[in-house]
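Colleague: This structure is in structure tokens; I'll ask about it shortly.
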Amino acid sequence: MKIGILSAGGDCPGINATIRGIGKTAIVEYGMEVVGIANGFTGLLEKDVIPLNEQLLSGILTLGGTILGTSRMKPFKQQEGDIVSDKPQLIKQNYKELGLDALVCIGGNGTQETANLLYKEGLNIVGIPKTIDNDVWGTDVTFGFDTALTIATEAIDRLHTTANSHKRVMVIEVMGHHAGWIALHSGIAGGGDVILLPELDYDMDVVANCLIERNQKKKPYSIVVVAEGIKSGKKKNAGAYISKKIRKMTGLETRETVLGYIQRGGSPTPADRILATRYGTYAAQMIHQENYGVMVAARGNDIVSVPLDEVGGRLRLVEPDSGLVQKARYMGVCFGGK
């Protein structure tokens, strides 16, 4: 049996650990032939493949990024200037010409949606969820999230010392266009005083009053954690928008920090390495069992499979009344709501 592996969408710590988990299990346990597809679905269009063996898979567990490269090309979406008029058909043709029996697609929501469409076109597909945003539906957690959370929390820890030194309000913007998991978890872990999430409506009057009350209680500084996807008017960056509003409404000295792509870089944490390895080995097992059209997922302490048809087009978002949000409120965290 010959299988292909690709990583698509944004880069994310733990992709290489996943590739290693798939490849080593497929080769050592099941005697499969394994090839890597370069640059996501673009590599399938161009038949750009890399033969993978145990030697090439050694030493990549701790590496960030992806040895296969990645791209955001979506074969089912026609783009201006496309030379190929029917990408899905070309991918099907190349899949057969490459002699592939199955394909593992590592990626976030968009990748899993594409994977499901390719499965419906007749390809044998297994998906693996990856994104630092932790917003893939059907799984409790995606690899990459713990690394991003660790980086964001460390940044907040560092902001505490400079905020206290200058008696300032420090605003830190973290990633999360639609889902506020990084902001919520890093805000709680880092002792944030205000946390603003895309899923929760906020009122700047409430935010300002929270900060003024802290100042009046002789609390010398405040930490405000915002997800990049919150409503920020006129398409301004969330951190800059909130920082400007706070200065204007409270008169408090305020500075903003945008953490940006730092959250996606570097070596994965031990937790992400383990999760990625578990995902990879389970994906190889699914292929051995010829269980296709599924995405590997974490449910509690178990690794399971869920139908790709249930995953595409859905997001796993923070619930406004979730236990973690409520417990944070009990601790005095302000979410900007009345």
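Colleague: Counting just the residues of segment 36-64 that are in a loop (DSSP other than H, G, I, E, B), touching a Gly at 6+ places or on another chain (Cβ under 7 Å) and under 19 Å from GLU97 (Cα atoms), which one comes out least open to solvent (accessible area, probe 1.4 Å)? Explain how you work it out, then say what you get.
Modeller: So the first thing to find is which residues in segment 36-64 are in a loop (DSSP other than H, G, I, E, B), and the list is 38-40, 47-48, 53, 58-64.
Still in the list and also touching a Gly at 6+ places or on another chain (Cβ under 7 Å): 38-39, 64.
From what's left, under 19 Å from GLU97 (Cα atoms): 38-39.
Values: ALA38: 8, ASN39: 64 Å².
Taking the candidates together, the pick is ALA38.
Colleague: If I go through segment 154-196 residue by residue, how many of them are within 20 Å of ARG247 (Cβ to Cβ) and either charged (D, E, K, R) or not in a helix (DSSP H, G or I) (or both)?
Modeller: Qualifying residue count, segment 154-196: 12.
Colleague: Being open to solvent by less than 10 Å² (accessible area, probe 1.4 Å) and in contact with a Ser or Thr (Cβ under 6 Å, 6 or more places away or on another chain) is the filter; apply it to segment 211-238 and report the residue that is farthest from THR254 (Cα to Cα).
Modeller: Among them, the one singled out is ALA238.
Colleague: Please specify each residue of segment 164-184 satisfying the condition of being surrounded by fewer than 23 Cβ atoms within 10 Å (Cβ to Cβ) and touching a residue at least 60 places away in the same chain (Cβ under 8 Å).
Modeller: HIS166, LYS167, ARG168, HIS178
Colleague: List the pairs whose first member sits in segment 61-74 and is in contact (Cβ under 8 Å) with a residue 12 or more places away in the chain, whose second member is among the aromatic types (Phe, Trp, Tyr) and buried (at least 18 other Cβ atoms within 10 Å of the Cβ), and whose Cβ atoms are under 9 Å apart, counting only residues at least 6 apart or on separate chains?
Modeller: Cβ pairs passing all conditions: SER71/PHE41; MET73/PHE41; LYS74/PHE41.
Condition check ((1) under 23 Å from GLY293 (Cβ atoms); (2) in contact with a Lys or Arg (Cβ under 7 Å, 6 or more places away or on another chain); (3) among the basic types (Lys, Arg)) across all residues:
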{"position": "LEU57", "(1), (2), (3)": "no, yes, no"}
{"position": "LEU63", "(1), (2), (3)": "no, no, no"}
{"position": "ALA102", "(1), (2), (3)": "yes, no, no"}
{"position": "THR111", "(1), (2), (3)": "yes, no, no"}
{"position": "THR114", "(1), (2), (3)": "yes, yes, no"}
{"position": "LYS130", "(1), (2), (3)": "yes, no, yes"}
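The values are calculated or read from the model by the stated rules, or taken from the named source; none is laboratory data. Everything numeric here is computed off the predicted structure, so don't read it as measured data. All Cβ positions, even for glycine, are placed from backbone atoms using ideal geometry, and neighbour counts span all protein chains on display. We work out accessible area using only protein heavy atoms, side chains counted, and drop any ligands, DNA or RNA first. Shrake-Rupley method; radii C 1.70, N 1.55, O 1.52, S 1.80 Å.
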